[in-house]
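Working notes, structure below.
The values are calculated or read from the model by the stated rules, or taken from the named source; none is laboratory data. Note that the coordinates shown come from a computational prediction; the quantities given were computed from them, not determined experimentally. With ideal geometry, Cβ positions are generated from the backbone for all residues, glycine too; neighbour counts draw on all protein chains shown.
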Amino acid sequence: MAEILAAATGRRKTAVARVSLVSGDGKCTINRKPLNDYVVDEASRIFLMQPLKIAGVETKYDVIAFAKGGGSTGQVGAIRHGIARALCEADASLRPALKAAGCLTRDPRMKERKKPGLRGARRRFQFSKR
């Protein structure tokens, strides 16, 4: 196996991704599956690879990611965050460009908890005066 150049953790909602950058030709593997098999949506694939495109190193590194928790969109966001953090670890001069594009910002939006006496987080039971 190739030597890991940089590794980082990315998070979004309840999804967590461990991302490793390895010198290679631009292949992306997620949970031991090729990118096209794991991420079906083309827009999600473009969103996931955005940090590499901004840094201009799409063909310089191979991405190996292990994602767990959350749904497909959360995992894609977590992997993107992890790739951006790993790129900063590999080359600190990329940080301003990635930060300006919003790749290093962890998305803080989480599911709101259900409150007692309500049907959901904010949804109430139907009110009837009589």
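Surrounded by fewer than 21 Cβ atoms within 10 Å (Cβ to Cβ) and more than 11 Å from the chain's Cα centre (by Cα), is that true of Ala55? No, not satisfied. If only residues of the stretch 89-109 that are aliphatic (A, V, I, L, M) and over 16 Å from Gln50 (Cα atoms) are counted, the one that is surrounded by the most Cβ atoms within 10 Å (Cβ to Cβ) is Ala90.
Among the residues of the stretch 70-89, what is the count of those that are part of a helix (DSSP H, G or I) and over 14 Å from Ala43 (Cβ atoms)? Selection size over the stretch 70-89: 13. In the stretch 7-26, of all residues being part of a strand (DSSP E or B) and among the hydroxyl-bearing types (Ser, Thr, Tyr), the one that is farthest from Glu89 (Cα to Cα) corresponds to Ser23. All of (1) in contact with a strand residue (DSSP E or B) (Cβ under 7 Å, 6 or more places away or on another chain); (2) farther than 16 Å from Gly102 by Cβ hold for Gly77 with one exception: (2). Filtering the stretch 31-38 for residues that are at pLDDT 95 or above and either small (Gly, Ala, Ser) or surrounded by 13 or more Cβ atoms within 10 Å (Cβ to Cβ) (or both) leaves a non-empty set. Listed conditions (1) in a loop (DSSP other than H, G, I, E, B); (2) in contact with a helix residue (DSSP H, G or I) (Cβ under 8 Å, 6 or more places away or on another chain) are all met by Thr59, apart from (2).
Every residue in the stretch 27-56 that is of a type in the set (A, V, I, L, M, F, W, C), in contact with a strand residue (DSSP E or B) (Cβ under 6 Å, 6 or more places away or on another chain) and assigned to a helix (DSSP H, G or I), please. Matches in the stretch 27-56: Leu35 only.
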